[in-house]
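To start, the structure under review is shown below, and the notes come after it.
Any read-out appearing in this document is the output of simple, stated calculations on the displayed coordinates, not a laboratory observation. Predicted, not measured: the structure shown is a model, and the values here were computed from it. Because the Cβ atoms are built from the backbone with ideal geometry, glycine has one as well, and the counts that use them run over all protein chains shown.
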Amino acid sequence: MEIQRIGIIGAGQMGNGIAHVCALAGYDVMMHDVKRDKVDAAFEIISMNLSRQAARGKISDAEKDSAMKRITAASSLDDFSKVDFAIEAATEDEKIKRQIFIDLCPKLSKNAMIASNTSSISITRLASVTDRPERFIGLHFMNPVPLMQLVELIRGIATEEETFHTVQALVKRLGKISANSEDFPAFIVNRILLPMINEAVYTLYEGVGTVDAIDTAMRLGANHPMGPLQLADFIGLDTCLSVMQVLYEGLADSKYRPCPLMVKYVEAGWLGQKTKRGFYDYRGEKPVPTR
């Protein structure tokens with residue numbers, strides 16, 4: 001299989017990052033989102049991030065301009081009949097993702113492959129609603145996509161070797177490094193990372209330390225570049241909660257029970273940086289802990 005044209009569903013933080021690296025690697029990219037204004041915003045973000053790379057000498061101005069010209073907006077999923085590879089990068093909600101695949105499959109050419117950028121949901125289960133589970137794979141990029149080197153590759157029970165090797169070659173062309181994970185809840189990175197974040201929230205919930213104390217302790221005591229509560233805000237508390245729920249329900253182990261405080265923050269709409277409030281308040285000149 002040869003991939004030349006890539007379609008991306010979802011123009012949020014992950015979707016625009018994936019479009020950025022694919023276009024820079026020479027692929028023609030098409031972006032679609034149910035909200036057209038998100039696609040417009042994605043073009044601005046991609047242009048700004050490419051300009052930042054050019055200013056730092058990471059890429060040339062010519063490479064930046066060529067990459068932007070390779071990205072187009074898709075008015076509907078009908079336009080995906082032209083793509084060789086469709087990547088779903090929608091919100092981490094299984095019902096939403098399944099409906100996307102149900103709507104998408106009739107629009108694709110018979111040989112087109114599909115990937116989900118899910119960070120936790122079963123690839124086998126998502127593939128089961130498509131008409132091509134053998135051409136379906138998990139392709140989990142890390143955030144922020146242009147900067148992070150790792151991509152998790154996850155095969156479902158029906159994923160063919162040809163699909164796996166084709167997508168593995170794509171990851172290499174993007175300049176990324178792949179890690180292969182079996183299809184278990186949350187895969188590798190989030191299976192390890194999110195319980196640590198959840199434990200940090202429990203540490204706050206039980207009054208062991210404040211937000212500032214917990215993040216300072218892990219930055220200086222464990223040499224982490226970012227404290228776990230700050231990282232949770234960066235990821236999005238709704239995403240953190242979704243992953244913990246997948247782990248808790250999928251593995252039936254009480255150690256994965258989401259902290260009630262994380263649930264409360266999500267219920268309040270305090271989702272982190274994207275809503276300006278989470279474990280920190282981002283509405284002022286500098287972030288201030290909320291507890």
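Taking a ≥ b ≥ c as the square roots of the eigenvalues of the alpha carbon gyration tensor, the range 1-112 is prolate, as a/c is not under 1.5 and a/b beats b/c.
Remark: the Tyr202-Ser128 segment gains 23.1 nm on full extension, using 0.36 nm per residue and subtracting the alpha carbon distance. Relative contact order of the chain: what whole-number percent is it, with Cα pairs under 8 angstrom and at least 6 residues apart? Worked out over the chain, it gives 13 percent. Pairs of C-alpha atoms in the chain farther apart than 24 Å represent 53 percent of all such pairs.
Estimated purely from DSSP H runs of n ≥ 4, each contributing -39500 (n - 2.57), the mean residue ellipticity at 222 nm for the chain is -14000 deg cm²/dmol once divided by its residues. Going by alpha carbons, how many degrees (0 to 90, nearest 10) lie between the helix axis of 189-205 and the longest principal axis of the chain? Here the helix axis deviates by roughly 30 degrees. Sorting the segments 98-106, 113-121, 253-261, 194-202 by their residues' average number of neighbouring beta-carbon atoms within 10 angstrom, most packed first, yields 113-121, 194-202, 98-106, 253-261.
Between the residues Ile102, Ala115, Phe85, the greatest Cα displacement towards the positive end of the dipole of the range 78-227, with unit charges on the Cβ of Lys, Arg, Asp and Glu, is found for Phe85.
Over the Cα atoms of the range 190-289, Rg to Rh with Kirkwood Rh, two decimal places? Reported Rg/Rh, Kirkwood definition of Rh: 0.95. Exposure proxy for Lys264, Lys38: other Cβ atoms within 10 Å of each Cβ, ordered fewest to most, give Lys264, Lys38.
Put in order of Cβ neighbour count within 10 Å, fewest first, the listed residues Lys172, Lys110 become Lys110, Lys172.
Let me know the charge dipole size of the chain about its Cα centre in debye, to the nearest 20, where only the beta-carbon of Lys, Arg (+1) and Asp, Glu (-1) is charged.
Details: 34 positive and 36 negative charges, 97 e Å.
Dipole size: approximately 460 debye.
Computed extension length for Ala268-Arg173: 30.0 nm, one decimal, from 0.36 nm per residue of separation with the Cα-Cα distance subtracted.
Counting Lys and Arg as +1 and Asp and Glu as -1, what is the net charge of the other residues whose Cβ lies under 10 Å from the Cβ of Tyr27?
+1
Can you list the residues of the range 215-231 with backbone N under 17 Å from a point 7 Å past the Cα of Arg56, pointing along Cα to Cβ? Those under the cut-off are 225-226.
For the range 218-290, the dipole from Cβ point charges (+1 on Lys and Arg, -1 on Asp and Glu) about the Cα centre works out to 200 debye, to the nearest 20.
Entry note, the range 1-105: relative contact order of 38 percent, from Cα contacts under 8 Å with a spacing of 6+ residues. Seen through its C-alpha gyration tensor, with square-root eigenvalues sorted a ≥ b ≥ c, the range 1-50 comes out oblate because a/c lies at 1.5 or above while a/b is not bigger than b/c. The magnitude of the dipole of the range 43-147, with charges of +1 and -1 set on the Cβ of Lys/Arg and Asp/Glu and taken from the Cα centre, is near 180 debye.
Quick one: grab the alpha carbon gyration tensor of the range 142-191, order the square roots of its eigenvalues as a ≥ b ≥ c, and give me rounded if a/c is under 1.5, else prolate or oblate depending on whether a/b is larger than b/c. Cα axes put the range 142-191 in the oblate bin.
Only beta bridges with both residues in the chain are counted; by DSSP, about 25 percent of them are antiparallel. Applying a threshold of 20 Å to the alpha-carbon distances of Lys38/Lys286; Lys82/Lys110; Lys38/Lys274; Lys176/Lys274 flags Lys38/Lys286; Lys176/Lys274 as lying beyond it. Relative contact order, whole percent, for the range 43-147 stands at 21, derived from Cα pairs under 8 Å and 6 or more residues apart. The ranking of Glu249, Glu134 from fewest to most other beta carbons within 10 Å of each one's beta carbon is Glu249, Glu134.
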